[in-house]
Structures are given as structure tokens and as C-alpha cells.
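Heads up: the structure comes next, in C-alpha cells.
Read-outs throughout are calculated quantities, based only on the coordinates presented, and are distinct from any laboratory measurement. None of the values given here were measured: they were computed from a predicted structure. Glycine gets a Cβ as well: all are built from the backbone with ideal geometry, and neighbour counts include every protein chain shown.
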Amino acid sequence: MKKQYLPLVLFTLCLVGLTSFTFPQERIGYKCLIQLTNYTGEGAYIVVSLLNSKEEYVETLYVQGDDNEWYRDLEEWWKQLYGKKRPDIDAIVGETVTGGQRKMTVLGIPLDKIDAGYKIRFESAVEDQEYYKNDVEFELTSENLKSKIKGRGFIRYVRLLPQ
């Protein structure tokens, strides 16, 4: 190859490389306070999922509970995502907390999903007790991301704050 064509070849290879490279999705961090009700019993397993407008699972944002033996108690998430595909969980996995306690974590919310018809769902389960498919579920809107949202089961409320 002639020396004069080398810069052109290198430029073309770089251009092809850049166009085939996918950039990571931009995310916004939200502090998420999960306050549990005053129940008795074992620690609560909670999964926070991003759902599309058809209520299909897009990704797992957070899992509370580090013993995967109990993940099947989070029935809908297990049935739709984890139990079928067994993906590497792309969320932070933390230990369970019990009745009356609270947990603070950070959720990485994809910027392009806010105000775009997506939902966030908090499922909860406690060993030998109930399971709540949508303990907390809300539209992923800018307004809801500033709100305190009441739970229906083991979660008393969830509060999200921009980081």
C-alpha cells in the first residue's frame, strides 16, 4: 500500500469503528427511599423494574435481597424475566430490611424513558406471607419522580429525589 493512502485508510477505519460503537444509555441518578410498613416476619424482598407501555419488563433497576433462592417469590418478575432468562442482574442488589425499616438506594433511570410512556414497578414479597405484584407502580414522568408514592403492601411509601 502506498504511504499517501495510509491516512485515508486509517480515517475510514476510525469512522467505521465509531459508527458501529453503541454509546451507553444516559441515566439520571435518583435517590430512592423505600419505607416499609410495620409488619412482623422476615425481611422483604423487593424488585424495582422498568416497564414499557405494554407492561413488558425492560430492565431491573434494583433488587433488595441478596439470596437468589427467594427471587421466585417475586412472582411476576420471576415469571417474566429472571426465571426464564436468568440474566445477570443489572441492578444493585442489597440485603433485605424488615418491617418498619427503611432503605435508601440510588436508581439509575434512563433519561430517554422519562415522560415517554414507561412505568416503574416495585414488587414485594416476604417469606411465608403475601406477594404484591404492584406494591408501588407509577408512570415514569418528571412530576412523579419528585413525589412521595404510597404503597399497597409491605411498602408504606417510596420517595424519589433527583441526585
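Extension gain for Thr98 to Glu26 (0.36 nm times residue separation, less C-alpha to C-alpha distance): 22.6 nm. As a calculated quantity, the FRET efficiency between Ser147 and Gln80 at R0 = 22 Å, using C-beta atoms, amounts to about 0.25. Please tell me which of these pairs span more than 24 angstrom C-alpha to C-alpha: Lys103/Lys148; Lys79/Lys103; Lys79/Lys148; Lys54/Lys103; Lys79/Lys146; Lys54/Lys133? Where the Cα-Cα span goes over 24 Å, the pairs concerned are Lys79/Lys103; Lys79/Lys148; Lys54/Lys103; Lys79/Lys146. Taken along the Cα-to-beta-carbon direction at a fixed 7 Å, the label points for Val106 and Thr37 span 3.2 nm.
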